[in-house]
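These notes concern the structure reproduced below.
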Amino acid sequence: MFHLVLIFLTCCCTAGRAASDDDFRNITNGVTISDKGTYFDQPYCSVVNGTFTCVITTSFSGEGGNGEHVVNSISYDLGATWTPLANIEPSVNGKPSSYAVNVYAPALGRIYAIYGDNWEGIPGPEKGSRNDELGVSFWMRYSIDLGLTWSKDIYEVPFPTTAIDRANHWKGRVKMFWNVDQPIVVNGAVYFAFTKIGTYVQSPPEEVYFMTSPNLLTEPDPSKVSWTMLPEADHGLMTTPYETTVFEEPHVVHGALAHTHAPPAGPPAHLPPVPCAQRIEPAGTRVAHGALAFPPFGL
């Protein structure tokens with residue numbers, strides 16, 4: 001039996017209220033994980049028996065700059081203090097790793113870190129341009145000690161070349177993509193969403209796809225972990241107007257598929273009012289303002 005999968009945007013809001021001096025939601029009451037570097041992004045954490053293991057993208061030369069790489073930090077006291085940043089991938093000029101997310105596999109006692117890794121040093125189209133969103137696939141390492149050390153071997157998380165890749169600057173030989181989504185587990189399978197980019201560096205057209213693995217949490221041999229990119233089609237989730245609309249930073253939320261949508265210029269913003277859900281559409285359908293529908297695939 002198929003389950004309808006609805007892509008939704010939050011259709012309600014809560015009234016704001018003043019934060020107290022000890023309100024943990026007030027950013028001024030936060031604790032600094034690290035003040036090293038000039039760029040520090042996406043501190044996604046796995047929480048296991050009270051230990052916080054966070055994977056982070058950092059550099060000393062800004063977003064996309066030389067030396068950008070993936071690190072982690074650990075807290076043993078519920079976030080009060082943090083260990084110094086430790087490399088998951090080393091900092092190597094011209095060969096960045098970036099945008100790591102993580103997921104815990106309880107049956108294996110492993111934390112997986114999944115990220116982009118331009119290990120071949122594929123350059124941007126212009127001299128000195130950023131190349132951290134270039135590559136051919138995602139990659140992953142795992143830790144069996146809650147982030148103290150990471151596997152010597154690195155494992156590919158492959159995904160197919162599609163129409164948007166073939167139309168890019170490299171004609172599909174290189175892909176442009178990035179992920180800001182923390183994976184979730186639904187019925188034992190892992191899911192995360194990501195963006196494929198059509199125009200360097202982060203410009204339309206863009207399409208959203210979803211990666212899923214049925215056995216990441218249970219397969220002892222990481223080389224035997226299987227991955228599928230959804231939809232299994234030449235186009236992913238699209239928006240209109242396709243050629244000019246920024247369409248990125250998707251997220252999978254509570255067993256449904258959701259995404260944020262940024263305007264053509266400026267930072268992400270609130271969307272115009274839209275229905276909470278629409279009918280299921282075939283893969284590749286272009287739906288205005290954030291494509292609220294997606295074909296069922298068994299969530």
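In the stretch 88-121, which residues are open to solvent by 30 Å² or more (accessible area, probe 1.4 Å), free of Cβ contacts under 8 Å to residues at least 40 places away in the same chain and within 19 Å of residue 43 (Cβ to Cβ)?
91
Report, by residue number, each residue of the stretch 175-195 that is more than 11 Å from the chain's Cα centre (by Cα) and crowded, with 21+ Cβ neighbours inside 10 Å. Even if it seems obvious, please write down each step before you answer.
As a first pass, look at the stretch 175-195 and keep what is more than 11 Å from the chain's Cα centre (by Cα): 175-176, 184-190.
Selection gives 175, 176, 190.
Which ones in the stretch 36-87 are of a type in the set (Val, Ile, Thr) and either more than 21 Å from the chain's Cα centre (by Cα) or surrounded by fewer than 15 Cβ atoms within 10 Å (Cβ to Cβ) (or both)? Even if it seems obvious, please write down each step before you answer.
Residues of the stretch 36-87 that are of a type in the set (Val, Ile, Thr), as a first pass: 38, 47-48, 51, 53, 55-58, 70-71, 74, 81, 83.
Passing the criteria: 38, 47, 48, 51, 81, 83.
In the stretch 206-229, how many residues are of a type outside the set (Gly, Ala, Ser) and either farther than 17 Å from residue 177 by Cα or open to solvent by 20 Å² or more (accessible area, probe 1.4 Å) (or both)?
13
β-branched (Val, Ile, Thr), under 30 Å from residue 218 (Cα atoms) and either assigned to a loop (DSSP other than H, G, I, E, B) or at pLDDT 95 or above (or both) - does that describe any residue in the stretch 115-135?
Step one: list which residues in the stretch 115-135 are β-branched (Val, Ile, Thr), which gives 122.
Cutting the leftovers down to under 30 Å from residue 218 (Cα atoms) gives us none.
Looking through the stretch 115-135, none of the residues is β-branched (Val, Ile, Thr), under 30 Å from residue 218 (Cα atoms) and either assigned to a loop (DSSP other than H, G, I, E, B) or at pLDDT 95 or above (or both).
What's the number of the only condition in (1) assigned to a strand (DSSP E or B); (2) closer than 26 Å to residue 49 by Cα that residue 146 fails to meet?
Unmet condition: (1).
Taking the stretch 223-241, which residues are assigned to a loop (DSSP other than H, G, I, E, B), modelled with pLDDT under 90 and either among the charged types (D, E, K, R) or in contact with a Lys or Arg (Cβ under 7 Å, 6 or more places away or on another chain) (or both)?
Going residue by residue through the stretch 223-241, those that are assigned to a loop (DSSP other than H, G, I, E, B) are 225-227, 231-236, 239-241.
If we keep only those that are modelled with pLDDT under 90 as well, we get 239-241.
Residues satisfying the conditions are 239, 240.
Take the conditions within 17 Å of residue 249 (Cβ to Cβ) and either of a type in the set (Lys, Arg) or not in a loop (DSSP other than H, G, I, E, B) (or both) and apply them to residue 211. Does it pass?
Details: within 17 Å of residue 249 (Cβ to Cβ): yes; either of a type in the set (Lys, Arg) or not in a loop (DSSP other than H, G, I, E, B) (or both): yes.
Yes: the conditions hold for residue 211.
The values are calculated or read from the model by the stated rules, or taken from the named source; none is laboratory data. Quick caveat: nothing in here was measured; it's all calculated off a predicted structure. Virtual Cβ from ideal backbone geometry, glycine too; neighbours counted across all protein chains shown. The accessibility values were calculated without ligands, DNA or RNA, using every heavy atom of the protein model including side chains. Shrake-Rupley method; radii C 1.70, N 1.55, O 1.52, S 1.80 Å.
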